[in-house]
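Take a look at the structure below.
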Amino acid sequence: MAFRQSISRIKAVILYVILFVFLIPFLLVVMNSFKKTQQFTENPLAIPSSVHFENYTAAFTNMKFMQGLSNSLLITVAAVFIIVIFSSMTGYLFVRYKWKLNTVLFFMMLGSMALPFQVIMIPLVMLYGKLDLLNMKSTLLFLYLGFGVPFGVFTFHGFIKGIPYELEESAFIEGSSRLRTFFQIVLPLLKPVFVTLIVLDVLWIWNDYLLPSLVLLSPEQRTLPLSTFTFFSSYSVDYAPLMAGLIMTVIPVLVLYLFVQNQIIKGITEGALK
């Protein structure tokens, strides 16, 4: 018994050490957000001798935080809503309709998940540039839809397969349409995987830098991650307010995750068992 307790304590210590290692980058950003830029460049690992809250004020003003926040909120909410609705309906179609075309399309979506975005980003930018569709939020939403739906369909597909078809048949007998049955019977049962996919997509889209930087060209269109580019000049970087800006950018999604973390774990577990 004592031996087992010792083993459990050793495992706990190892887990805490691994957790601390993973948290080191975030802790360094937090710590350096209260320094002056000169102190950061001299020793980024040193504890700040004094706390400088003015870094957050400078970041809020220089990066036009409220403008970037509104752009990020608009793009993230719209993109996530479109992705989860299209993914759930497409996954339902693939599960309930045993067409050969559906099988082909499903495996094509799975194959597209293995294609790195970096391989096609240059042709995409050239194509949309020639069509004069850059610097538009609608273009960015369309691209997020294309890159986000395959994973969403894969997630919903496995979950919907575990829902008994008899539930839908009873609704059909009562005269319910296919669309009404989906939204009133099937959709409520998908809550765990819905929450999981929403959080994962929010983390992806909110923190995405590469794709918005290729599509959104004007300063007034920038999202929060793009707004941090304000602190980069041709010959130097203002690190202190940059760190503060990064913390301010992370806080919204961190709060969201803390509120729904139990649903995420439940959705991932149930989806894997399906």
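Points worth noting:
- Hits in the range 92-119 - residues which are of a type in the set (A, V, I, L, M) and closer than 24 Å to His157 by Cβ: Leu93, Val95, Leu101, Val104, Leu105, Met108, Met109, Leu110, Met113, Ala114, Leu115
- Residue check, Ser49 without any contact (Cβ under 8 Å) to a residue 60 or more places away in the chain, open to solvent by 80 Å² or more (accessible area, probe 1.4 Å) and of a type in the set (S, T, N, Q): yes
- Remark: Gly158 matches the filter, which requires a residue to be within 18 Å of Ile83 (Cα to Cα), at pLDDT below 90 and either assigned to a helix (DSSP H, G or I) or of a type outside the set (A, V, I, L, M) (or both).
- Look at the range 147-165: where a residue is within 23 Å of Pro116 (Cβ to Cβ) and without any contact (Cβ under 8 Å) to a residue 60 or more places away in the chain, no partner that is open to solvent by less than 20 Å² (accessible area, probe 1.4 Å) and outside any helix (DSSP H, G or I) sits 6+ places away or on another chain with Cβ atoms under 9 Å.
- Hey, Gly91 more than 30 Å from Tyr165 (Cα to Cα) and surrounded by 10 or more Cβ atoms within 10 Å (Cβ to Cβ) or not: no
- Meets criteria (open to solvent by 80 Å² or more (accessible area, probe 1.4 Å), in a helix (DSSP H, G or I) and not acidic (Asp, Glu)) for Leu115: no
- Residues in the range 25-45 that are hydrophobic (A, V, I, L, M, F, W, C), surrounded by 10 or more Cβ atoms within 10 Å (Cβ to Cβ) and out of contact with any Phe, Trp or Tyr (no Cβ under 9 Å at 6 or more places or on another chain): Phe26, Leu28, Val29, Val30, Met31.
- Subset of the range 202-222 that is touching a residue at least 60 places away in the same chain (Cβ under 8 Å) and under 14 Å from the mean Cα position of the chain (by Cα) - its residue that is nearest to Phe53 (Cα to Cα): Trp206
- Being basic (Lys, Arg) and part of a loop (DSSP other than H, G, I, E, B) is a description that does not apply to Lys11.
- Residue match in the range 52-74 (condition: without any contact (Cβ under 8 Å) to a residue 60 or more places away in the chain, assigned to a loop (DSSP other than H, G, I, E, B) and open to solvent by 30 Å² or more (accessible area, probe 1.4 Å)): yes
The values are calculated or read from the model by the stated rules, or taken from the named source; none is laboratory data. None of these values were measured; they are calculated from a predicted model. With ideal geometry, Cβ positions are generated from the backbone for all residues, glycine too; neighbour counts draw on all protein chains shown. Side chains included, ligands, DNA and RNA excluded: accessible areas come from the protein's heavy atoms. Shrake-Rupley method; radii C 1.70, N 1.55, O 1.52, S 1.80 Å.
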